[in-house]
Amino acid sequence: MLLTRPPKIEGASIGEKKHGKRKLSGGDELLQGFLHVHQSAAQADMGATPRRYIAFLNTYQQVYGNKKRHIERRQHHLQVY
């Protein structure tokens, strides 16, 4: 497991409203999470390499894109009816 301890992320809920404005998914909290994964793997001597970290980021981007497209299709379907 890459994470030695979970990052402390305040307001990690996606789409959470903060002071009346809709919070964007990701942002600083997401970046902090990625940084924590990188630091945890490097400190744990798990054979972490820049190539593996880039592969992790690319995989995350693909999964995120697929989920986003799926949600957008569902929203469009609901708006049509």
Note on segment 47-81: residues open to solvent by 100 Å² or more (accessible area, probe 1.4 Å), under 17 Å from F34 (Cα atoms) and modelled with pLDDT of 90 or more are Q61, Q62
Kindly indicate whether any position in segment 33-40 is at pLDDT below 55 and either loosely packed, with under 13 Cβ neighbours inside 10 Å or part of a helix (DSSP H, G or I) (or both). no
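The values are calculated or read from the model by the stated rules, or taken from the named source; none is laboratory data. These numbers come from a predicted model, not from an experiment. Cβ sites come from the backbone with ideal geometry, for glycine too, and all protein chains shown count toward neighbours. Areas reflect the complete protein model, heavy atoms only, side chains present, ligands, DNA and RNA absent. Shrake-Rupley method; radii C 1.70, N 1.55, O 1.52, S 1.80 Å.
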